[in-house]
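Below: one structure in structure tokens.
The values are calculated or read from the model by the stated rules, or taken from the named source; none is laboratory data. Note that the structure is predicted; figures quoted are calculated from it, not measured. Because the Cβ atoms are built from the backbone with ideal geometry, glycine has one as well, and the counts that use them run over all protein chains shown.
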Amino acid sequence: TVEIIADGVHLPRPLLQFVYKFKGADKIALCTDSMRGAGMPNGDSVLGSLHEGQRVIIEGGVAKLPDRSSFAGSVVTADRMIRTMVNMAEVSLTDAVKMMTLTPARIMNVDSRKGSIKPGKDADLVIFDEDIRVLYTVSEGTVIYDASLVSR
């Protein structure tokens, strides 16, 4: 099994497609590996300790060192990775979701209660719209995020 940061930046489209072709959804775990700046707009952020950490610049969907000489970390969100796998790597939505849910749950040996929706499992789920944007997040049967309540 491999873990990949499927943001379209750490691994470009041809590599995402290559990994999927040779590993398949059962052997790929999508991993955000995100830092504090995840989901934030372009601008300054900090990697590590808020007061003593490394200043980074969020730009182009990734965190970079201030001199822009290299990546400093990931700022990708789980929903963005699913969108990237579907829209860029041309993977089915079913397989992209599996790589974000069931495959990681199996790796962590918690797939008896996480990673899929079945009787007896925790009622954890995310509801997307047709553009794979999060509408609701449900944890153990309780809505903990409702996009309609968030100011934009």
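Which numbered condition trips up GLU90, out of (1) in contact (Cβ under 8 Å) with a residue 40 or more places away in the chain; (2) at negative phi?
Among (1) in contact (Cβ under 8 Å) with a residue 40 or more places away in the chain; (2) at negative phi, the lone unmet condition for GLU90 is (2).
Sticking with this structure for a sec: Which of the residues that make up the stretch 28-69 are part of a loop (DSSP other than H, G, I, E, B), closer than 30 Å to THR103 by Cα and not hydrophobic (A, V, I, L, M, F, W, C)? Reasoning before the result, please.
Initially, the stretch 28-69 is screened for residues part of a loop (DSSP other than H, G, I, E, B), giving 31-33, 35-42, 48-53, 60-61, 65-69.
Subset that is closer than 30 Å to THR103 by Cα: 31-33, 35-41, 48, 60-61.
Those that are part of a loop (DSSP other than H, G, I, E, B), closer than 30 Å to THR103 by Cα and not hydrophobic (A, V, I, L, M, F, W, C): THR32, ASP33, ARG36, GLY37, GLY39, PRO41, GLY48, GLY60, GLY61.
Ok, one more. Filter the stretch 84-106 for residues that are surrounded by 14 or more Cβ atoms within 10 Å (Cβ to Cβ) and β-branched (Val, Ile, Thr) and give the result.
THR84, VAL86, VAL91, VAL97, THR101, THR103
While we're looking at this one, here's another question. Could you identify the single residue in SER45, SER70 that is in contact with a Lys or Arg (Cβ under 9 Å, 6 or more places away or on another chain), surrounded by 15 or more Cβ atoms within 10 Å (Cβ to Cβ), among the small types (Gly, Ala, Ser) and more than 22 Å from PHE128 (Cβ to Cβ)? Outline the logic, then answer.
Values: SER70 fails: surrounded by 15 or more Cβ atoms within 10 Å (Cβ to Cβ).
Just one listed residue meets the conditions, SER45.
Could you check how many residues of the stretch 1-27 are assigned to a helix (DSSP H, G or I) and either crowded, with 21+ Cβ neighbours inside 10 Å or modelled with pLDDT under 95 (or both)? Lay out the reasoning, then the answer.
So in the stretch 1-27, the residues assigned to a helix (DSSP H, G or I) come out as 13-23, 25-27.
Going one step further and asking which of them are either crowded, with 21+ Cβ neighbours inside 10 Å or modelled with pLDDT under 95 (or both), we end up with 16, 20.
Going through the stretch 1-27 one residue at a time, the tally reaches 2.
Please verify whether the stretch 108-123 includes one or more residues that are touching a Ser or Thr at 6+ places or on another chain (Cβ under 9 Å), in contact (Cβ under 8 Å) with a residue 12 or more places away in the chain and more than 17 Å from ILE28 (Cα to Cα).
Yes, the stretch 108-123 contains a residue that is touching a Ser or Thr at 6+ places or on another chain (Cβ under 9 Å), in contact (Cβ under 8 Å) with a residue 12 or more places away in the chain and more than 17 Å from ILE28 (Cα to Cα).
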